[in-house]
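Some notes on the structure that comes next.
The values are calculated or read from the model by the stated rules, or taken from the named source; none is laboratory data. Note that the structure is predicted; figures quoted are calculated from it, not measured. Here the Cβ positions follow ideal geometry from the backbone for every residue, glycine too, while neighbour counts run over all protein chains shown. Remember, those area values only see protein heavy atoms, side chains included, never the ligands or the DNA or RNA. Shrake-Rupley method; radii C 1.70, N 1.55, O 1.52, S 1.80 Å.
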Amino acid sequence: MRERFRVRGGARPVGAVTVVGAKNSALKLMAASVLAEGRTTLTNVPAIADVTIMAELLRSLDVDVDYDPAAGVVVLDVPETVGHRADYRLVRALRASISVLGPLVARTGQADVAVPGGDAIGSRGLDLHTAGLEALGAAVHVSHGYLIAEAPHGLTGTGIRLEFPSVGATENILTAAVLARGRTRIDNAAREPEIVDLADLLVAMGARVSGAGSSHIVIDGVEALQPTSHAVIPDRIAAGTWAFAAATTRGDLEIVGGVLEHLRAPLGALERAGCTVEPTDRGFRVAAGPARPVAFDVATLPYPGFPTDLQPFAITYNSVAAGSAMVTENVFEARFRTVQELARLGADAQVDGHHVMVHGVRMLSGAPVEASDIRSGAALVIAGLVAEGETLVSGVHHIDRGYPRFEEAWRALGAEVSREPDEEPWEG
Ligand code: UD1
(Lines give C-alpha, C1' and ligand atoms only; values in the text may rest on other atoms or scores of the structure.)
Protein backbone atom coordinates (compact mmCIF):
# COMPACT_ATOMS: atom_id res chain seq x y z
CA MET A 1 0.00 0.00 0.00
CA ARG A 2 1.25 3.44 -0.89
CA GLU A 3 1.66 5.81 2.03
CA ARG A 4 2.22 9.51 2.46
CA PHE A 5 3.23 11.88 5.22
CA ARG A 6 0.94 14.66 6.34
CA VAL A 7 3.13 17.49 7.60
CA ARG A 8 1.81 20.54 9.42
CA GLY A 9 3.95 23.63 9.00
CA GLY A 10 5.09 25.96 11.70
CA ALA A 11 6.71 23.77 14.34
CA ARG A 12 10.20 24.47 15.63
CA PRO A 13 11.55 21.06 16.60
CA VAL A 14 13.37 20.99 19.91
CA GLY A 15 14.92 18.05 21.74
CA ALA A 16 17.18 15.06 21.21
CA VAL A 17 17.15 12.74 18.24
CA THR A 18 19.20 9.54 17.90
CA VAL A 19 21.10 8.73 14.74
CA VAL A 20 20.89 5.17 13.41
CA GLY A 21 23.78 3.11 12.02
CA ALA A 22 24.99 4.12 8.56
CA LYS A 23 23.03 2.51 5.74
CA ASN A 24 25.89 2.98 3.29
CA SER A 25 28.27 1.24 5.66
CA ALA A 26 26.02 -1.57 6.88
CA LEU A 27 25.28 -2.78 3.33
CA LYS A 28 28.98 -2.94 2.40
CA LEU A 29 29.94 -4.66 5.65
CA MET A 30 27.27 -7.28 5.05
CA ALA A 31 28.65 -7.91 1.55
CA ALA A 32 32.21 -8.10 2.92
CA SER A 33 31.19 -10.81 5.40
CA VAL A 34 31.33 -13.40 2.59
CA LEU A 35 35.13 -13.01 2.62
CA ALA A 36 35.38 -15.23 5.71
CA GLU A 37 33.83 -18.61 6.40
CA GLY A 38 31.92 -18.66 9.70
CA ARG A 39 29.77 -16.27 11.71
CA THR A 40 30.21 -12.52 11.42
CA THR A 41 28.01 -10.34 13.65
CA LEU A 42 27.19 -6.73 12.84
CA THR A 43 25.56 -4.42 15.38
CA ASN A 44 24.06 -0.93 15.11
CA VAL A 45 22.49 -1.97 11.81
CA PRO A 46 19.59 0.32 10.81
CA ALA A 47 16.03 -1.07 10.53
CA ILE A 48 15.52 -0.29 6.84
CA ALA A 49 14.31 -2.14 3.76
CA ASP A 50 17.72 -2.00 2.03
CA VAL A 51 19.21 -4.20 4.76
CA THR A 52 16.41 -6.73 4.20
CA ILE A 53 17.17 -6.77 0.46
CA MET A 54 20.91 -7.21 1.05
CA ALA A 55 20.08 -10.05 3.50
CA GLU A 56 17.99 -11.70 0.78
CA LEU A 57 20.78 -11.28 -1.76
CA LEU A 58 23.30 -12.91 0.60
CA ARG A 59 20.86 -15.75 1.34
CA SER A 60 20.68 -16.37 -2.40
CA LEU A 61 24.46 -16.91 -2.19
CA ASP A 62 23.88 -19.57 0.51
CA VAL A 63 24.80 -17.32 3.44
CA ASP A 64 22.58 -17.94 6.46
CA VAL A 65 21.46 -14.43 7.49
CA ASP A 66 19.65 -13.65 10.72
CA TYR A 67 18.49 -10.01 10.81
CA ASP A 68 16.83 -8.64 13.93
CA PRO A 69 15.80 -5.08 12.98
CA ALA A 70 14.55 -4.20 16.48
CA ALA A 71 17.92 -5.11 18.03
CA GLY A 72 19.89 -3.74 15.07
CA VAL A 73 21.83 -6.98 14.74
CA VAL A 74 22.68 -9.03 11.66
CA VAL A 75 24.38 -12.40 12.06
CA LEU A 76 25.84 -13.77 8.84
CA ASP A 77 26.84 -17.41 8.82
CA VAL A 78 28.99 -17.91 5.75
CA PRO A 79 29.48 -21.47 4.43
CA GLU A 80 32.70 -22.93 3.04
CA THR A 81 31.31 -22.57 -0.47
CA VAL A 82 29.26 -19.52 -1.39
CA GLY A 83 27.32 -18.87 -4.60
CA HIS A 84 28.44 -16.23 -7.06
CA ARG A 85 25.34 -14.96 -8.84
CA ALA A 86 23.55 -11.78 -7.74
CA ASP A 87 20.15 -11.93 -9.37
CA TYR A 88 18.66 -9.07 -11.41
CA ARG A 89 15.50 -8.93 -9.27
CA LEU A 90 17.55 -8.04 -6.18
CA VAL A 91 20.11 -5.81 -7.85
CA ARG A 92 17.30 -3.78 -9.43
CA ALA A 93 15.82 -3.22 -5.97
CA LEU A 94 19.18 -2.26 -4.46
CA ARG A 95 21.90 -0.62 -6.50
CA ALA A 96 24.35 -1.14 -3.62
CA SER A 97 24.21 -4.87 -4.51
CA ILE A 98 27.22 -4.12 -6.71
CA SER A 99 29.27 -4.19 -3.51
CA VAL A 100 29.24 -8.02 -3.55
CA LEU A 101 31.43 -7.89 -6.68
CA GLY A 102 34.80 -7.51 -4.95
CA PRO A 103 34.16 -9.95 -2.10
CA LEU A 104 32.80 -12.66 -4.46
CA VAL A 105 35.67 -12.52 -6.96
CA ALA A 106 38.15 -12.64 -4.10
CA ARG A 107 36.47 -15.49 -2.27
CA THR A 108 35.10 -17.68 -5.08
CA GLY A 109 37.09 -16.60 -8.14
CA GLN A 110 33.89 -15.56 -9.89
CA ALA A 111 31.10 -13.00 -9.55
CA ASP A 112 28.05 -12.70 -11.81
CA VAL A 113 26.26 -9.52 -10.80
CA ALA A 114 23.27 -8.19 -12.69
CA VAL A 115 24.02 -4.66 -13.82
CA PRO A 116 21.50 -2.06 -12.77
CA GLY A 117 19.82 -0.52 -15.78
CA GLY A 118 21.92 -2.82 -17.99
CA ASP A 119 24.98 -0.56 -17.70
CA ALA A 120 27.68 -1.68 -20.10
CA ILE A 121 31.35 -1.98 -19.25
CA GLY A 122 33.01 1.36 -19.71
CA SER A 123 29.83 3.26 -18.96
CA ARG A 124 30.12 5.93 -16.33
CA GLY A 125 29.05 4.23 -13.15
CA LEU A 126 30.98 0.96 -13.18
CA ASP A 127 34.08 1.59 -15.28
CA LEU A 128 36.29 2.25 -12.27
CA HIS A 129 35.06 -0.90 -10.52
CA THR A 130 35.77 -3.10 -13.53
CA ALA A 131 39.09 -1.47 -14.41
CA GLY A 132 40.21 -2.01 -10.82
CA LEU A 133 39.31 -5.70 -10.87
CA GLU A 134 40.97 -6.14 -14.25
CA ALA A 135 44.14 -4.57 -12.90
CA LEU A 136 44.04 -7.20 -10.14
CA GLY A 137 43.93 -9.89 -12.84
CA ALA A 138 40.22 -10.62 -13.19
CA ALA A 139 38.69 -11.11 -16.65
CA VAL A 140 35.55 -9.00 -16.86
CA HIS A 141 32.77 -9.05 -19.46
CA VAL A 142 29.04 -8.40 -19.73
CA SER A 143 26.69 -11.14 -20.86
CA HIS A 144 22.88 -11.10 -20.85
CA GLY A 145 22.74 -8.12 -18.49
CA TYR A 146 25.23 -9.64 -16.04
CA LEU A 147 28.66 -8.31 -15.24
CA ILE A 148 30.88 -11.37 -15.01
CA ALA A 149 34.25 -11.16 -13.29
CA GLU A 150 36.44 -14.25 -13.31
CA ALA A 151 39.72 -14.98 -11.57
CA PRO A 152 39.91 -18.77 -11.30
CA HIS A 153 43.54 -18.66 -10.19
CA GLY A 154 43.09 -15.80 -7.75
CA LEU A 155 43.94 -12.10 -7.90
CA THR A 156 47.34 -10.42 -7.82
CA GLY A 157 48.08 -7.13 -6.08
CA THR A 158 49.08 -4.11 -8.11
CA GLY A 159 49.04 -0.29 -8.16
CA ILE A 160 45.67 1.23 -9.09
CA ARG A 161 45.07 4.93 -9.58
CA LEU A 162 41.42 5.96 -9.64
CA GLU A 163 40.54 8.79 -12.02
CA PHE A 164 37.88 9.88 -9.55
CA PRO A 165 37.68 8.88 -5.85
CA SER A 166 34.60 6.68 -6.32
CA VAL A 167 33.26 5.28 -3.07
CA GLY A 168 31.89 2.08 -4.63
CA ALA A 169 34.99 1.39 -6.74
CA THR A 170 37.32 1.96 -3.76
CA GLU A 171 35.24 -0.51 -1.75
CA ASN A 172 35.17 -3.20 -4.43
CA ILE A 173 38.91 -2.94 -5.07
CA LEU A 174 39.63 -3.00 -1.34
CA THR A 175 37.45 -6.05 -0.68
CA ALA A 176 38.96 -7.87 -3.68
CA ALA A 177 42.58 -7.01 -2.78
CA VAL A 178 42.48 -8.34 0.78
CA LEU A 179 42.74 -11.92 -0.53
CA ALA A 180 45.00 -11.13 -3.52
CA ARG A 181 48.63 -12.26 -3.76
CA GLY A 182 50.99 -9.47 -2.75
CA ARG A 183 50.53 -5.74 -2.31
CA THR A 184 47.83 -3.49 -3.78
CA ARG A 185 48.05 0.26 -3.60
CA ILE A 186 44.96 2.37 -4.36
CA ASP A 187 45.80 5.99 -5.21
CA ASN A 188 43.16 8.71 -5.25
CA ALA A 189 41.02 6.41 -3.12
CA ALA A 190 37.73 7.68 -1.68
CA ARG A 191 38.19 8.92 1.90
CA GLU A 192 34.62 8.63 3.22
CA PRO A 193 34.13 7.42 6.81
CA GLU A 194 32.32 4.37 5.36
CA ILE A 195 35.61 3.31 3.72
CA VAL A 196 37.32 3.53 7.11
CA ASP A 197 34.51 1.47 8.65
CA LEU A 198 34.92 -1.20 5.96
CA ALA A 199 38.71 -1.26 6.43
CA ASP A 200 38.22 -1.59 10.20
CA LEU A 201 35.99 -4.62 9.66
CA LEU A 202 38.50 -6.16 7.25
CA VAL A 203 41.39 -5.61 9.68
CA ALA A 204 39.32 -7.22 12.45
CA MET A 205 38.90 -10.18 10.07
CA GLY A 206 42.67 -10.44 9.75
CA ALA A 207 43.26 -8.34 6.62
CA ARG A 208 46.32 -6.12 6.29
CA VAL A 209 45.07 -2.69 5.29
CA SER A 210 46.58 0.71 6.01
CA GLY A 211 45.80 4.25 4.96
CA ALA A 212 41.99 3.99 4.83
CA GLY A 213 40.58 7.50 5.26
CA SER A 214 43.44 8.94 3.21
CA SER A 215 43.82 8.99 -0.58
CA HIS A 216 46.37 6.15 -0.48
CA ILE A 217 45.30 2.74 0.74
CA VAL A 218 47.81 -0.10 0.92
CA ILE A 219 46.61 -3.69 1.16
CA ASP A 220 48.83 -6.72 1.69
CA GLY A 221 46.88 -9.79 0.67
CA VAL A 222 46.46 -12.68 3.11
CA GLU A 223 45.51 -16.34 2.53
CA ALA A 224 42.21 -16.29 4.41
CA LEU A 225 40.12 -14.13 6.71
CA GLN A 226 38.27 -14.98 9.91
CA PRO A 227 34.76 -13.95 10.95
CA THR A 228 34.38 -11.22 13.56
CA SER A 229 31.99 -8.84 15.34
CA HIS A 230 31.73 -5.17 14.42
CA ALA A 231 29.52 -2.17 15.18
CA VAL A 232 28.43 -0.04 12.21
CA ILE A 233 29.38 3.67 12.42
CA PRO A 234 26.59 6.24 12.92
CA ASP A 235 24.91 7.51 9.76
CA ARG A 236 26.52 10.87 8.95
CA ILE A 237 23.92 11.66 6.30
CA ALA A 238 21.08 11.08 8.78
CA ALA A 239 22.96 13.24 11.32
CA GLY A 240 23.43 15.92 8.66
CA THR A 241 19.72 15.71 7.83
CA TRP A 242 18.85 16.58 11.43
CA ALA A 243 21.43 19.37 11.45
CA PHE A 244 19.81 20.96 8.39
CA ALA A 245 16.37 20.30 9.87
CA ALA A 246 17.30 22.35 12.95
CA ALA A 247 18.79 25.16 10.87
CA THR A 248 15.90 25.31 8.38
CA THR A 249 13.05 25.17 10.91
CA ARG A 250 14.84 27.42 13.42
CA GLY A 251 14.86 24.51 15.85
CA ASP A 252 17.33 23.27 18.44
CA LEU A 253 18.39 19.63 18.22
CA GLU A 254 20.86 17.43 20.03
CA ILE A 255 21.91 14.81 17.51
CA VAL A 256 22.72 11.83 19.69
CA GLY A 257 25.34 9.52 18.20
CA GLY A 258 26.21 12.10 15.54
CA VAL A 259 29.93 12.41 14.79
CA LEU A 260 30.92 16.05 14.35
CA GLU A 261 34.21 15.19 12.63
CA HIS A 262 32.32 13.37 9.84
CA LEU A 263 30.39 16.55 8.98
CA ARG A 264 33.00 19.32 9.12
CA ALA A 265 32.02 20.89 5.77
CA PRO A 266 28.23 21.07 6.24
CA LEU A 267 28.38 21.94 9.95
CA GLY A 268 31.02 24.61 9.31
CA ALA A 269 28.71 26.17 6.71
CA LEU A 270 25.76 26.15 9.14
CA GLU A 271 27.91 27.71 11.85
CA ARG A 272 29.05 30.51 9.51
CA ALA A 273 25.38 31.09 8.67
CA GLY A 274 24.63 31.82 12.32
CA CYS A 275 23.77 28.44 13.87
CA THR A 276 25.27 27.26 17.12
CA VAL A 277 27.11 23.98 16.52
CA GLU A 278 28.70 22.39 19.55
CA PRO A 279 29.76 18.95 20.75
CA THR A 280 27.76 17.34 23.55
CA ASP A 281 28.48 14.25 25.66
CA ARG A 282 26.31 12.16 23.38
CA GLY A 283 26.94 13.72 19.97
CA PHE A 284 26.48 17.33 18.93
CA ARG A 285 23.91 20.11 19.02
CA VAL A 286 22.71 22.37 16.23
CA ALA A 287 20.60 25.36 17.25
CA ALA A 288 19.37 27.99 14.85
CA GLY A 289 19.83 31.65 15.74
CA PRO A 290 16.81 33.82 16.51
CA ALA A 291 16.82 35.50 13.08
CA ARG A 292 15.87 34.10 9.69
CA PRO A 293 18.53 31.69 8.38
CA VAL A 294 21.12 33.23 6.05
CA ALA A 295 21.62 31.86 2.52
CA PHE A 296 24.96 30.21 1.66
CA ASP A 297 26.54 28.70 -1.45
CA VAL A 298 27.24 24.99 -1.55
CA ALA A 299 29.39 22.92 -3.91
CA THR A 300 29.29 19.16 -3.39
CA LEU A 301 32.58 17.25 -3.45
CA PRO A 302 33.95 13.87 -2.42
CA TYR A 303 34.67 13.59 1.32
CA PRO A 304 35.76 15.65 3.22
CA GLY A 305 33.87 18.08 0.97
CA PHE A 306 30.18 18.86 1.23
CA PRO A 307 28.33 15.51 0.74
CA THR A 308 26.16 15.18 -2.36
CA ASP A 309 23.62 13.30 -0.23
CA LEU A 310 23.02 16.49 1.78
CA GLN A 311 22.57 18.68 -1.31
CA PRO A 312 18.71 18.49 -1.28
CA PHE A 313 18.77 19.78 2.30
CA ALA A 314 20.99 22.70 1.30
CA ILE A 315 18.53 23.64 -1.46
CA THR A 316 15.61 23.40 0.98
CA TYR A 317 17.45 25.49 3.56
CA ASN A 318 18.31 28.17 1.01
CA SER A 319 14.74 28.26 -0.29
CA VAL A 320 13.62 29.91 2.99
CA ALA A 321 16.86 31.71 3.89
CA ALA A 322 17.52 35.42 3.68
CA GLY A 323 19.34 36.15 0.41
CA SER A 324 20.27 34.08 -2.64
CA ALA A 325 22.62 31.16 -3.04
CA MET A 326 24.06 28.89 -5.68
CA VAL A 327 24.08 25.13 -5.05
CA THR A 328 26.46 23.24 -7.35
CA GLU A 329 26.43 19.46 -7.83
CA ASN A 330 29.87 18.10 -8.70
CA VAL A 331 29.57 14.42 -7.82
CA PHE A 332 26.49 13.17 -9.67
CA GLU A 333 24.91 14.49 -12.83
CA ALA A 334 21.53 16.25 -12.77
CA ARG A 335 20.60 15.22 -9.29
CA PHE A 336 18.13 17.98 -8.52
CA ARG A 337 14.89 16.12 -7.94
CA THR A 338 13.99 18.31 -4.98
CA VAL A 339 13.73 21.47 -7.04
CA GLN A 340 10.52 20.87 -8.99
CA GLU A 341 8.71 19.66 -5.88
CA LEU A 342 9.93 22.63 -3.84
CA ALA A 343 8.50 24.84 -6.57
CA ARG A 344 5.04 23.42 -5.74
CA LEU A 345 5.57 24.78 -2.25
CA GLY A 346 6.41 28.20 -3.65
CA ALA A 347 10.22 28.03 -3.62
CA ASP A 348 12.11 30.20 -6.10
CA ALA A 349 14.84 27.94 -7.50
CA GLN A 350 16.12 27.49 -11.07
CA VAL A 351 18.27 24.69 -12.40
CA ASP A 352 21.04 25.63 -14.80
CA GLY A 353 23.22 22.66 -15.73
CA HIS A 354 24.82 21.42 -12.56
CA HIS A 355 23.89 24.57 -10.63
CA VAL A 356 20.71 25.61 -8.87
CA MET A 357 20.15 29.27 -8.17
CA VAL A 358 17.96 29.67 -5.10
CA HIS A 359 16.35 32.95 -4.02
CA GLY A 360 15.04 32.64 -0.49
CA VAL A 361 11.38 33.37 0.14
CA ARG A 362 9.97 34.27 3.58
CA MET A 363 7.52 31.40 3.70
CA LEU A 364 6.64 28.32 1.67
CA SER A 365 3.02 27.23 1.36
CA GLY A 366 1.73 23.68 1.88
CA ALA A 367 0.91 21.51 -1.16
CA PRO A 368 0.98 17.86 -2.27
CA VAL A 369 4.49 16.80 -3.32
CA GLU A 370 6.17 13.55 -4.36
CA ALA A 371 9.36 12.07 -2.90
CA SER A 372 11.40 10.42 -5.63
CA ASP A 373 14.41 9.28 -3.61
CA ILE A 374 15.53 8.98 -0.01
CA ARG A 375 17.15 12.36 0.49
CA SER A 376 14.84 14.52 -1.59
CA GLY A 377 11.94 12.88 0.28
CA ALA A 378 13.35 13.75 3.69
CA ALA A 379 14.10 17.28 2.45
CA LEU A 380 10.46 17.70 1.40
CA VAL A 381 9.32 16.79 4.92
CA ILE A 382 11.56 19.55 6.28
CA ALA A 383 10.17 21.92 3.63
CA GLY A 384 6.66 21.01 4.79
CA LEU A 385 7.59 22.04 8.30
CA VAL A 386 8.47 25.55 7.13
CA ALA A 387 5.41 25.84 4.86
CA GLU A 388 2.18 27.49 5.82
CA GLY A 389 -0.61 24.92 6.21
CA GLU A 390 -0.34 21.26 5.32
CA THR A 391 2.01 19.45 2.98
CA LEU A 392 1.34 15.91 1.81
CA VAL A 393 4.52 14.03 0.92
CA SER A 394 3.84 10.95 -1.24
CA GLY A 395 6.36 8.21 -1.98
CA VAL A 396 7.10 7.54 1.69
CA HIS A 397 8.71 4.17 0.83
CA HIS A 398 11.70 6.15 -0.50
CA ILE A 399 12.09 7.98 2.81
CA ASP A 400 11.75 4.71 4.74
CA ARG A 401 14.88 3.46 2.93
CA GLY A 402 17.03 5.86 4.90
CA TYR A 403 15.03 7.06 7.90
CA PRO A 404 13.35 4.33 9.95
CA ARG A 405 10.08 5.61 11.51
CA PHE A 406 10.83 9.18 10.47
CA GLU A 407 7.41 10.46 11.55
CA GLU A 408 7.88 9.13 15.11
CA ALA A 409 11.20 10.95 15.42
CA TRP A 410 9.52 14.19 14.36
CA ARG A 411 6.60 13.77 16.73
CA ALA A 412 8.99 13.23 19.65
CA LEU A 413 10.45 16.65 18.76
CA GLY A 414 7.06 18.36 18.82
CA ALA A 415 6.46 18.48 15.05
CA GLU A 416 3.22 17.25 13.50
CA VAL A 417 4.14 14.58 10.96
CA SER A 418 1.85 11.58 10.48
CA ARG A 419 1.73 8.59 8.15
CA GLU A 420 -1.45 7.69 6.28
CA PRO A 421 -2.58 5.69 3.25
CA ASP A 422 -1.99 7.57 0.02
CA GLU A 423 -5.33 7.78 -1.73
CA GLU A 424 -4.94 8.71 -5.32
CA PRO A 425 -8.29 9.81 -6.73
CA TRP A 426 -7.33 8.76 -10.26
CA GLU A 427 -6.67 5.16 -9.19
CA GLY A 428 -9.26 2.41 -9.67
C1 UD1 B 1 27.96 6.14 -2.72
C2 UD1 B 1 26.71 6.28 -1.87
C3 UD1 B 1 25.87 7.46 -2.31
C4 UD1 B 1 26.73 8.73 -2.34
C5 UD1 B 1 27.98 8.51 -3.16
C6 UD1 B 1 28.94 9.69 -3.14
C7 UD1 B 1 26.21 3.98 -1.29
C8 UD1 B 1 25.27 2.84 -1.42
N9 UD1 B 1 25.92 5.06 -2.00
O10 UD1 B 1 27.52 5.87 -4.05
O11 UD1 B 1 24.79 7.63 -1.41
O12 UD1 B 1 25.96 9.76 -2.92
O13 UD1 B 1 28.71 7.36 -2.66
O14 UD1 B 1 29.27 10.02 -1.84
O15 UD1 B 1 27.18 3.91 -0.57
N16 UD1 B 1 31.56 6.88 -11.18
C17 UD1 B 1 32.10 6.59 -12.39
N18 UD1 B 1 32.61 5.34 -12.59
C19 UD1 B 1 32.60 4.38 -11.63
C20 UD1 B 1 32.05 4.70 -10.38
C21 UD1 B 1 31.53 5.97 -10.18
O22 UD1 B 1 32.13 7.41 -13.29
O23 UD1 B 1 33.08 3.27 -11.87
C24 UD1 B 1 30.97 8.22 -10.98
C25 UD1 B 1 29.47 8.14 -10.73
O26 UD1 B 1 28.74 8.12 -11.93
C27 UD1 B 1 29.23 9.38 -9.93
C28 UD1 B 1 30.52 9.55 -9.14
O29 UD1 B 1 31.50 8.78 -9.79
O30 UD1 B 1 29.06 10.49 -10.77
C31 UD1 B 1 30.40 9.17 -7.67
O32 UD1 B 1 30.13 7.81 -7.57
P33 UD1 B 1 30.61 6.92 -6.33
O34 UD1 B 1 31.52 7.69 -5.46
O35 UD1 B 1 31.08 5.62 -6.88
O36 UD1 B 1 29.25 6.72 -5.54
P37 UD1 B 1 28.55 5.36 -5.15
O38 UD1 B 1 29.53 4.43 -4.53
O39 UD1 B 1 27.73 4.86 -6.30
**Message:** Checking the structure you have, find out if any residue of the range 115-123 is within 11 Å of the ligand (Cβ to nearest atom), more than 30 Å from Leu260 (Cα to Cα) and open to solvent by 50 Å² or more (accessible area, probe 1.4 Å).
**Reply:** yes
**Asked** Any idea how many residues of the range 97-116 are modelled with pLDDT of 95 or more, under 21 Å from the mean Cα position of the chain (by Cα) and either among the basic types (Lys, Arg) or farther than 15 Å from Glu150 by Cα (or both)?
**Response** 1
**Request:** Could you please give the count of residues in the range 223-233 that are part of a loop (DSSP other than H, G, I, E, B), polar (S, T, N, Q) and under 23 Å from Glu192 (Cβ atoms)?
**Result:** 1
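Scan the range 197-226 residue by residue and report those that are polar (S, T, N, Q) and in contact with a Lys or Arg (Cβ under 7 Å, 6 or more places away or on another chain).
Restricting attention to the range 197-226, the residues satisfying the condition of being polar (S, T, N, Q) are 210, 214-215, 226.
Residues satisfying the conditions are Ser214, Ser215.
Let's see how each residue does on (1) within 15 Å of the ligand (Cβ to nearest atom); (2) basic (Lys, Arg); (3) surrounded by fewer than 22 Cβ atoms within 10 Å (Cβ to Cβ):
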residue: Ala135; (1), (2), (3): yes, no, yes
residue: Ala138; (1), (2), (3): yes, no, no
residue: His144; (1), (2), (3): no, no, yes
residue: Ala149; (1), (2), (3): yes, no, no
**Request:** Test Ala343 against the stated conditions and say whether it is within 16 Å of the ligand (Cβ to nearest atom) and either under 30 Å from Pro421 (Cβ atoms) or not in a strand (DSSP E or B) (or both).
**Result:** no
**Request:** Mind telling me which of the residues Ala378, Ala367 ends up being closer than 24 Å to Ala96 by Cα and touching a Ser or Thr at 6+ places or on another chain (Cβ under 7 Å)?
**Result:** Ala378
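Residues Val209, Val178, Val167, Val218: which one is under 23 Å from Leu76 (Cα atoms) and either open to solvent by 10 Å² or more (accessible area, probe 1.4 Å) or under 23 Å from the mean Cα position of the chain (by Cα) (or both)?
On the way: Val178 fails: either open to solvent by 10 Å² or more (accessible area, probe 1.4 Å) or under 23 Å from the mean Cα position of the chain (by Cα) (or both); Val167 fails: under 23 Å from Leu76 (Cα atoms); Val218 fails: under 23 Å from Leu76 (Cα atoms).
After applying the criteria, what remains is Val209.
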**Prompt:** Taking strands (runs of 3 or more DSSP E) that do not extend beyond the range 10-91, which have at least 2 residues that are open to solvent by 60 Å² or more (accessible area, probe 1.4 Å)?
**Reply:** 14-18, 64-68
**Request:** Working carefully through the options Val393, Val369, Val361, find the one that is open to solvent by less than 60 Å² (accessible area, probe 1.4 Å), in contact (Cβ under 8 Å) with a residue 40 or more places away in the chain, assigned to a strand (DSSP E or B) and in the same structural domain as Pro13 (by TED's automatic domain parsing).
**Result:** Val393
**Fill in**
When restricted to Ala71, Ala106, Ala114, Ala31, the only residue free of Cβ contacts under 8 Å to residues at least 60 places away in the same chain, farther than 23 Å from Ala239 by Cα and of a type outside the set (Asp, Glu) is Ala114
**Message:** Out of the residues in the range 57-96 meeting the condition of being of a type in the set (D, E, K, R) and modelled with pLDDT under 95, tell me which one is nearest to Leu42 (Cα to Cα).
**Reply:** Arg95
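Tell me which residues, restricted to the range 15-42, are of a type in the set (Val, Ile, Thr) and more than 19 Å from Arg405 (Cβ to Cβ).
Step one: filter the range 15-42 for residues of a type in the set (Val, Ile, Thr), giving 17-20, 34, 40-41.
Correct list: Val34, Thr40, Thr41.
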**Request:** Go through the residues of the range 341-357 one by one and say whether even a single one is open to solvent by 10 Å² or more (accessible area, probe 1.4 Å), more than 29 Å from Ile53 (Cβ to Cβ) and among the basic types (Lys, Arg).
**Result:** yes
**Item:** Cross-chain or 6+ apart pairs with Cβ under 6 Å, the range 136-149 first and in contact (Cβ under 8 Å) with a residue 40 or more places away in the chain and closer than 15 Å to Leu126 by Cβ, then assigned to a loop (DSSP other than H, G, I, E, B) and open to solvent by less than 20 Å² (accessible area, probe 1.4 Å)
**Value:** Leu147/Val115; Ala149/Ala138
